[in-house]
Every structure is written in C-alpha cells, then in structure tokens.
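All remarks here apply to the structure that follows.
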Amino acid sequence: GKPRAAAAAEERHEGAVRGLAAAADGRTLFSCGGDGTLRLWAPAALKLQSTADVGCACGMLRHKRDSTLVALAADDLSVRVMDAVALRLVRRLEGHTNTLTDVAWGADARWVLSSALDCTLRVVDVPSGALIGWYSFEYAATSITVSPGGEFLCTAHVDSQAICVWASRPLFEEVLIGAVTDTRPTPLQLPTAMGGDGGDESEDEEGDGEEEEEE
C-alpha cells in the first residue's frame, strides 16, 4: 500500500535505520540506527516525539511490551538497556567478543538475553546487572526468543535448519543472583533434530544407510 506519512528531513536519522519496534498500545514507534540515537515517534503522523543519545551505533532494538525499557545491540559488542520515557541509560551490558546476532527479553522484563557470533548466550538480570547465565554452543545462535510465559527459550543456529527449544532454568532449579562469573561459559550440546513423525532424523538416516549396504 501507499505510505501514510514520511518523517520531516530534519527529524530523520542521520545514518541508516537498523531497528524498529512498536509499543503495545500502538501510540509509539521506536527506532535506532547508525547515528547512535534512539528515537520515539508518533506513528499516525510519523512525528518525532523525543531523541536519546545511545552513545554508539546500534544494529537492532527490542522493546519489552508493557514496560518502558528498550534493549539495543550496539556495534561496540555491548547491549544497552534504555528507559524510553526518561531517555536515560539503565544498563550497559558487556561480555561478548564478537558481533551480536540477537537480543531478547525475559517474560517479566527482568532478564535480557543476548547471542553473538562468539558462539555464546548471555543472560543478565537487569535490576542488579548480574550475570545469571552464560552458555556456549558449537554453532553460533543467529536468533533467539523467549515464550510469553517464560517457560521456553528457542534458538536458531548457523548451518542448521532446526529450531532448538530449551526449558527455562527457573522451572527446575533456583536461580541465584551473582552465582555466575565471567570465568568460563557452560557448554550446551544442541538438541537432536526430530523428524516429522517424531523420530530421530539422525537415526533414520543411519538406518537407511544400513539397508542400502545390505542390498
């Protein structure tokens, strides 16, 4: 369809727009870009409401609905949590050593999860700033998301057609703030892909190979 509105030239990002998100009520649109700013818009007329300096170019943003918080993946390998109403930096989360691939919010907006090309996943408690989970994979996660109730984490990985589903830690163990250090991540083995009939694809392939050899 036809665009409803275009931002005035003096209100636009100076660099490329890299991330967009909408508030739950539809009254606010968030954008970030290569100019290192977070901008809030009135989407009906696309009028600029406010601008915040993030301090670094950002590649993506994730808004936690029903909250005022926005998480941005910055080009300096950090995740910056901003209060979109107060227009201030809440947390700067560091630790990744390669380009961030995705950022996600936990169910209650307390946790921020981030994945990167360093093949790790980090989970941080925003109020305390404490690292509560640090995991490594054989293949880097390219996309992550948390279920609305927080029961599951889903990941997609480089060179894989599978979607991996992980149970949330609070379902089966107590999560202690400050119990995780930056010494070494916990390695996680990617789940085995399941076939359409619920069977193990790897086992099916092995079975087919054995039958061919017998013939």
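The values are calculated or read from the model by the stated rules, or taken from the named source; none is laboratory data. None of the values given here were measured: they were computed from a predicted structure. FYI the Cβ positions are ideal-geometry reconstructions off the backbone, even for glycines, and counts take in every protein chain you see.
Just one of (1) surrounded by fewer than 19 Cβ atoms within 10 Å (Cβ to Cβ); (2) over 25 Å from Arg65 (Cβ atoms); (3) among the hydroxyl-bearing types (Ser, Thr, Tyr) fails for Ser128. It is (2).
Just one of the numbered conditions (1) touching a Cys at 6+ places or on another chain (Cβ under 9 Å); (2) within 26 Å of Ala167 (Cβ to Cβ); (3) not hydroxyl-bearing (Ser, Thr, Tyr) is not true of Leu100: (1). If you scan the range 168-203, which residues turn out to be modelled with pLDDT of 90 or more, loosely packed, with under 12 Cβ neighbours inside 10 Å and under 22 Å from Trp111 (Cβ atoms)? Across the range 168-203, the qualifying residues are Thr186, Pro187. Counting only residues that are farther than 16 Å from Thr181 by Cα and among the β-branched types (Val, Ile, Thr), the range 98-125 holds 4 of them. Restricting Ala162, Ala116 to those that are modelled with pLDDT of 95 or more, of a type outside the set (Ser, Thr, Tyr) and touching a Leu at 6+ places or on another chain (Cβ under 8 Å) reduces the list to Ala116. Could you tell me whether the range 100-107 includes any residue that is of a type outside the set (Asp, Glu) and over 13 Å from the mean Cα position of the chain (by Cα)? Among the residues of the range 100-107, not one is of a type outside the set (Asp, Glu) and over 13 Å from the mean Cα position of the chain (by Cα), which makes the answer no. Thr97 falls short of the stated requirement of being polar (S, T, N, Q) and surrounded by 13 or more Cβ atoms within 10 Å (Cβ to Cβ). On the phi < 0 side of the Ramachandran plot and in the same structural domain as Leu113 (by TED's automatic domain parsing), is that true of Thr28? No: the conditions fail for Thr28.
Find the strands (runs of 3 or more DSSP E) located wholly in the range 51-128 whose residues include 1 or more that are within 30 Å of Ala7 (Cβ to Cβ), basic (Lys, Arg) and not assigned by TED's automatic domain parsing to the domain that holds Ser168, and list them. So that I can check it myself, show each step before the final result.
On the way: elements: 58-63, 69-74, 79-83, 88-93, 100-105, 111-116, 120-125.
Result: 58-63, 79-83, 88-93.
Within the range 17-44, residues that are assigned to a strand (DSSP E or B) and surrounded by fewer than 18 Cβ atoms within 10 Å (Cβ to Cβ) have Cβ atoms under 6 Å from residues that are at pLDDT 90 or above and not β-branched (Val, Ile, Thr) in these pairs: Val17/Ser31; Val17/Gly33; Leu20/Ser31; Ala22/Leu29; Ala42/Gln49, counting only partners at least 6 apart in sequence or on another chain.
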